[in-house]
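Have a look at the structure below before the remarks.
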Amino acid sequence: MNKILDLVNEIAKDKLEHFFLATFISFILINLFVYYGFIICLLIFAGKEIIYDKIMGKGKAELMDFVYGAIPAILILITKIM
């Protein structure tokens, strides 16, 4: 159990926020629209990084933020189509 807690503590808080918020968004959209929901999720996560962070300058655009958002969407899509 301590190994799991150590691993979670090593992940930046920002990445965990992206992961958990993306899980919530992905669960709703993929359950409502399946494949279109998945595409919408990816567009939302990419748009946040490109438009909000990079173009508007409200944050720092990072590829790993997008990746931590896409992972739950991919996992939820896989479980939905199986």
Restricting the first residue to region 1-20 and requiring it to be closer than 14 Å to Gly69 by Cα, which pairs with a second residue that is exposed (fewer than 10 other Cβ atoms within 10 Å of the Cβ) and not basic (Lys, Arg) meet a Cβ separation below 8 Å and a spacing of at least six or different chains?
Leu16/Val8
Within region 66-82, of all residues that are β-branched (Val, Ile, Thr) and out of contact with any Lys or Arg (no Cβ under 9 Å at 6 or more places or on another chain), the one nearest to Ala22 (Cα to Cα) is Ile71
On the basis of being assigned to a helix (DSSP H, G or I), surrounded by 12 or more Cβ atoms within 10 Å (Cβ to Cβ) and among the small types (Gly, Ala, Ser), does Ala61 make the cut?
no
Please indicate, with yes or no, whether at least one residue in region 34-46 is more than 14 Å from the chain's Cα centre (by Cα) and either modelled with pLDDT under 95 or part of a helix (DSSP H, G or I) (or both).
yes
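The values are calculated or read from the model by the stated rules, or taken from the named source; none is laboratory data. What you see is a predicted model; the values in this text were computed from it and never measured. Note that we place each Cβ from the backbone using ideal geometry, even for glycine, and neighbour counts take in every protein chain shown.
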